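The values are calculated or read from the model by the stated rules, or taken from the named source; none is laboratory data. Quantities reported herein were computed from a predicted structural model and do not represent experimental measurements. As a convention, Cβ positions derive from the backbone with ideal geometry for all residues, glycine included, and neighbour counts pool all protein chains shown. Just so you know, the surface numbers come from the protein's heavy atoms only, side chains and all, with ligands and any DNA or RNA stripped out. Shrake-Rupley method; radii C 1.70, N 1.55, O 1.52, S 1.80 Å.
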Amino acid sequence: MEPEPRLDDSQSFDDLRDLPPPEAAGQLADIITRVIGDPVENASRDGGAIELLADRRAGDPLLGYLPLTALETLAARCTDRLRENSECRHSRETAWRLLDVLRRSVLLCRIGEQGETAGWADRILALVEASNFTFGQLFHKRASCYGERTLFRVPSGDSSRTVTWRQVAGRVDLIARSLLALTAETPDRTVAILSRNSLEMALVDLACLNTGIVNVMVPATATETDVAYILDHAKVGPLFVSGGDLMQKVRNVRDQLPDLGPIITLNTASGSMRDSIDFEHLLARSSETTTDELAMRRAGQKIDDLATVMYTSGTTGTPKGICFTQRNIVFKRFARALALPEIGEDDRFLCYLPLFHTFGRFLEMTGCVFWGATYCFAPDPSIESLTRHMREVEATVLISVPMKWMQLFDVIRQSVDVISADDAEIQTAVRSHTGAGLRWGLSAAGYLDPEIFRFFQRDGIELMSGFGMTEATGGITMTPPGRYKEESLGPGLPGIEVALADDGELIIRGPYVMQGYLDPPEGVESFDDQGWFHTGDLMERSDDGFFQIVDRKKEIYKNIHGETIAPQKIENLFRDFDSVGRIFLVGDHRPYNTALIFPNFEFEDLDLRSLSDEELKAHFRSLVVSANSFLAPYERIIDFAIIGRDFDGERGELTAKGTYRRKVIERSFSDQIS
């Protein structure tokens, strides 16, 4: 039997384009794995192979057959070259081209099918680090690749307008040049954004992430007190604001912030105030920074540089600043792609989650940048608006908190009897609301009934369950596509170490877990002495590696809308009310907060025992109204119940230290909880 023909070194890689893909892949693997003694010739050969694979028309068919071991060899050699000489521009460009190949769906699916996900997460991380592949490089590689394709769809009246990659890249560079001019005199100050979702907000964020300007996302839901704290704690200079109500918050605290820099209004509805400048006026300063200076700034970023700070609720109420590096942001995108190998450049995300939260900012916005997908702004989060726009933009992906999936399920049930109707009728009803394209969904930040997961999965929408935290740039676990398990949060995502401490607490560490907290208070540690971050959630793990939440160790929870609430912060507001003996907040996975109040019947200023039920209720209602005035709308107590007994350690409701066992108390007083 004659040996298969081999390609001579002198022949062009172009010759492989004319061969059937299986034969071409075999010959390419032979070329890649052949030992060559000359390092220059070796690098040239690897560059030619990667260039061939990077050509979508020729490369994708080859990736369906090329042995993974050949790609391992390429990745290892590229990494080794960069470790020997990290300043070689040609080696970096070759590595970046290979990283582009390694995100292709055809390859990622094969990696998953062959059980090689963990190994490839390690190889990709090594290549990202060795080549210093920052978000700025990622963004501009995608912009040059996709050019006139759509990155953003923005609501405009009764329709929407599209914004291409080329347009976005031009605007992002303009904003970045303007910001570099604005911050030149105060380089130690961060840039903050206080806004609801808008194209301008996304563009400013991208400009900062692209250029190494550390930015801070201030939640639009934050109270005035928290806004003032964040702007001071993060040492904010320039502040971008949109919306009259958000500008009013800044006006009310401006005098407390002597070091706050200029305030840039993102739209005319924001109004104006002292030190404020119009967005377009800021852009006029772009001429002060040359394109060469911008390119040098982008090229000067390092993979372990601080990129951004996001804030989340602290257990006692003071927001915690969470620091993310370029590594955190970039590698998380590859890790999520390994977990969702079929998502790609033809997908359209309908997005309503806030850009100041990790799922909205990282999974949706930077995810669309990574995948080359389209990010479609939802004009408002009502289920009527979401279903209308799902159909209009032909959305293929919806990431949401459980509430929206529950509402969508209810809307569908109003149009078809899901018990008696046949499969075709149900499918028609589902698609009449979601449109024909929706095929991927994720429900996170709360509990969703398995019946709803199964319903959408039966009707062509792969709805997955997940668990995440801001500290992990979002997702930590997820049920893999096609492997949903009831009451489960799934196994750990690729690229992260997930374990259980001795008491069952979920602990994590890895390259997309935060760098640490920004200037934490004394006694607050980001990690333990072995580098683990403690999530505060008690979990169980099944034999197949799927996690299930058991209880919460930390004093924090999410409501059904996915908003983070620190109950201790709210309960502490009642410490100065002597008529309150005990107060307990209930709101985990619920639409609103309810309080259980046990009166202090020893209160001397008022004989509480002599009051009628209505009078007692009116007294405590006035205290609740007073406390609510210090809270954000989603934190407020909507209902409360007066209970007839105090919490009891012998009933298991209190720990030995007198702290609440929240799950036990909720069970004991379930009849009084709305």
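Of note:
- By accessible area, using a 1.4 Å probe on protein heavy atoms only, region 61-149 has 48% of its surface on carbon and sulfur.
- Surface composition of region 481-590: carbon plus sulfur atoms hold 43% of the accessible area, using a 1.4 angstrom probe and ignoring ligands, DNA and RNA.
- For Asp305, residues with placed amide H under 5 Å, excluding near neighbours: Gln326, Arg327
- Calculated on C-alpha atoms, the gyration radius of the chain divided by its Kirkwood radius gives an Rg/Rh of 1.00.
- Per residue accessible area of the chain, 1.4 Å probe, in Å²: 43
- For the residue pairs Lys558/Lys663; Lys235/Lys320; Lys404/Lys554; Lys320/Lys569; Lys320/Lys404; Lys332/Lys485, the alpha carbons lie more than 22 Å apart in Lys404/Lys554; Lys320/Lys404; Lys332/Lys485.
- With R₀ set to 25 Å, the beta-carbon distance separating Asp671 from Glu604 gives a calculated FRET efficiency near 0.20.
- FRET efficiency, 1/(1 + (r/R0)^6) with R0 60 Å, evaluated for Asp292 and Asp551 via beta carbons: 0.60
- For Phe240, residues with placed amide H under 5 Å, excluding near neighbours: Ala192, Ile193, Leu194, Ile264
- Label-to-label distance for Tyr634 and Ser156 is 3.0 nm, based on points extended 7 Å past Cα in the beta-carbon direction.
- Length gained when the stretch Glu280-Asp259 is fully extended (0.36 nm per residue, less Cα-Cα span): 5.2 nm
- Accessible area (Å², 1.4 Å probe, nearest 10) - Met469: 20
- Fully extended contour minus Cα-Cα distance, from Ala76 to Ile419, at 0.36 nm per residue: 118.0 nm
- Placing a label point 7 Å from the Cα of Asp346 along the Cα-to-Cβ direction, the residues of region 414-455 whose backbone N falls under 17 Å of that point are 436-440.
- Alpha-carbon centroids, region 135-154 and region 170-218: separation in whole Å: 18
- Pair Asp519, Asp613: separation of 7 Å Cα→Cβ label points (nm): 5.2
- Converting phi to 3J(HN,Hα) with the Karplus coefficients 6.51, -1.76 and 1.60 and the offset θ = phi - 60°, region 166-175 yields 5, 5, 4, 4, x, 5, 4, 5, 4, 5 Hz in sequence order, with x at every glycine or proline.
- CD proxy at 222 nm, helix term only [per DSSP H run n ≥ 4: -39500 (n - 2.57); per residue of the chain; nearest 500]: -12000 deg cm²/dmol
- Here the 3J(HN,Hα) profile of region 34-50, calculated from phi with Karplus coefficients 6.51, -1.76 and 1.60 at θ = phi - 60°, is 5, 7, 10, x, 7, x, 5, 5, 4, 5, 5, 4, 4, x, x, 5, 5 Hz, Gly and Pro shown as x.
- The angle between the Cα long axis of helix 613-628 and the longest principal axis of the Cα atoms of the chain comes to about 40 degrees, rounded to the nearest 10.
- Cβ-Cβ FRET estimate between Asn572 and Thr428, R0 fixed at 60 Å, reported to 0.05: 0.70
- With both labels modelled 7 Å from their Cα along Cα-to-Cβ, the Glu540 to Asp18 distance reads 6.4 nm.
- Alpha carbon convex hull of region 563-629, volume per residue in cubic angstrom: 92
- Compared with the dominant principal axis of the Cα atoms in the chain, helix 117-131 is inclined by about 80°.
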